[in-house]
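Written below as structure tokens is the structure these notes are about.
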Amino acid sequence: PTRADITYFGAGPAALPTDVLEIAAQALLDYNGTGLGIAEHSHRSELATNIINEAKADLASFLDIPANDYEVVFMQAGGTGEFAASVYNLIGAWVARQHAAILAELGAGADEAAVVAALRDRVEKKLKVDYIVTGGWSLKAYQEAIRLLGPEYVNLAADARTLNDGKFGKIPDPSTWKLSEDAALVYYCDNETVDGVEFPEFPAVLAPRADGSGPIVVADMSSNILSRRVPVSNYSLLFFGAQKNLGCTGVTVAVVKKSLLPPTTSQPSPALLRKLGLPVPPIMLVYETIAKNNSLYNTLSIFDVFVAGQVLKKLLKTFPDKVDGQQAVAEKKANLLYAALEKYPDVYRIVPDKSVRSRMNICFRVTKNGNIDESEKAFLKEATAQGLTGLKGHRSVGGIRASNYNSIPLEGAEKLAKFIETFATA
Ligand code: PLP
């Protein structure tokens, strides 16, 4: 088959728009008549800096990120690296706040050993990171926090599996979340790619209070960024890999609240962290280092930033009302697919609860003539024959998953919806 024959519903890496790939292919061979490809130019060159700055500005414009309050950084950590980065940076910020408070309490001439002892005591008694576990990816982030810090510092504030016989598919009522007082972070995954569970909206219990204080909220938006409006100001950190809704694999974006960076907040020194028994982060996961260097502390793949930048330019051109325009299309496509599935309840079972169905990853089971395995095999085989590919569910849960990212055109979703109907009735 050729590109034109296929609609690819893979969960990530996802399909990219063909016109963007054509520009990228040319740029790989010769960027802007320089005789050198974009992947060959120095990341320290002016053209690389321009590509970074334009992509940052276009992302901020499309999502309405308040540029005065937030820093956008490009990294190579992947979503998985951000599981660790969020822990390191936000416990660092927590320690910095406690350190300042203790210095204020003990006075300017305080003995350093006494300050460290007071800080260690506070770490042991009060340091907590909170996790809302609603699917496979927030579970992985929670497990990473335990691996880095030890279980004593990690609070499982909510576990969706307790609602559904040990399986994911619901979101516990936020009023039941057991949030710690003054947690260094509260973490959740806005869209669970494997389980097809998406937060319908920002959880109000995590909203900032009138005086501006409130929980330090971290969200993984790897699989739904750029598909709906985000109340950015409610977050201290949000992050996402590019490979689903933004660009190709290899670059990760972190949107960090500037008050967590110098001059307001500086990460504790490695020596202090060691005295406190806390882990010292690898330098390439320290946001203040990356931000200070405009994402160029070390070699960044400028090609990947370029592709993301081209996708953003295309989005800005397509949607004059920016992310609201893309949101309307994403909802239309998702509604189409869920409606097709709901028409045949004897054949299709949508996995997550209706209240938390993902617009991005549509997870369902297929049973025709009583045999689920055979039915799903047949569904995948016939879909593939019609150019509808990448529909196999994640290996950990099985079933079918249609990933409805931004690059899936409306016609692609229509084609799949039609196939869902004809398969059920054939
Ligand atoms: N978070 C979510 C929601 C994901 O879907 C994924 C990957 O699919 C990850 C994190 C992990 O990302 P990466 O593979 O870039 O580490």
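Just to check your reading of the model, which residue among LEU272, LEU237 is within 14 Å of the ligand (Cβ to nearest atom) and either of a type outside the set (Val, Ile, Thr) or over 28 Å from ILE408 (Cβ atoms) (or both)?
None of the others qualify; the one that does is LEU237.
Go through segment 279-302 residue by residue and tally those that are touching a helix residue (DSSP H, G or I) at 6+ places or on another chain (Cβ under 7 Å) and either part of a helix (DSSP H, G or I) or crowded, with 23+ Cβ neighbours inside 10 Å (or both).
Looking only at that region, the number is 6.
Would you point out which residue out of GLU112, GLU54, GLU82, GLU40 is acidic (Asp, Glu) and at pLDDT below 95?
GLU112
Go through segment 203-227 and give me each residue that's part of a loop (DSSP other than H, G, I, E, B) and within 15 Å of the ligand (Cβ to nearest atom).
Across segment 203-227, the qualifying residues are MET221, SER222, SER223, ASN224, ILE225, LEU226, SER227.
Check whether at least one residue in segment 234-245 is at pLDDT 95 or above, assigned to a strand (DSSP E or B), buried (at least 23 other Cβ atoms within 10 Å of the Cβ) and of a type in the set (Gly, Ala, Ser), and report yes or no.
yes
Check TYR142, TYR131, TYR70 and return the single one that is buried (at least 19 other Cβ atoms within 10 Å of the Cβ), within 17 Å of the chain's Cα centre (by Cα) and more than 16 Å from the ligand (Cβ to nearest atom). First the steps, then the outcome.
On the way: TYR142 fails: more than 16 Å from the ligand (Cβ to nearest atom); TYR131 fails: more than 16 Å from the ligand (Cβ to nearest atom).
None of the others qualify; the one that does is TYR70.
Based on this model, can you work out whether ALA57 counts as within 16 Å of the ligand (Cβ to nearest atom) and surrounded by fewer than 21 Cβ atoms within 10 Å (Cβ to Cβ)?
For ALA57, the condition - within 16 Å of the ligand (Cβ to nearest atom) and surrounded by fewer than 21 Cβ atoms within 10 Å (Cβ to Cβ) - is not met.
Would you say ALA184 is loosely packed, with under 14 Cβ neighbours inside 10 Å, more than 16 Å from the ligand (Cβ to nearest atom) and small (Gly, Ala, Ser)?
no
Can you name every residue in segment 18-65 that is assigned by TED's automatic domain parsing to the domain that holds TYR235 and farther than 19 Å from LEU300 by Cα?
Scanning segment 18-65 gives ALA60, SER61, PHE62, LEU63, ASP64, ILE65.
State whether the residues of segment 193-202 include one that is acidic (Asp, Glu), away from the ligand (no atom under 16 Å from the Cβ), over 18 Å from ASP353 (Cα atoms) and surrounded by fewer than 22 Cβ atoms within 10 Å (Cβ to Cβ).
no
The values are calculated or read from the model by the stated rules, or taken from the named source; none is laboratory data. If you're wondering where the values come from, they're calculated on a predicted model, not measured in any experiment. For neighbour counting, all protein chains shown are included, and Cβ atoms are generated from backbone atoms with ideal geometry for every residue, glycine included.
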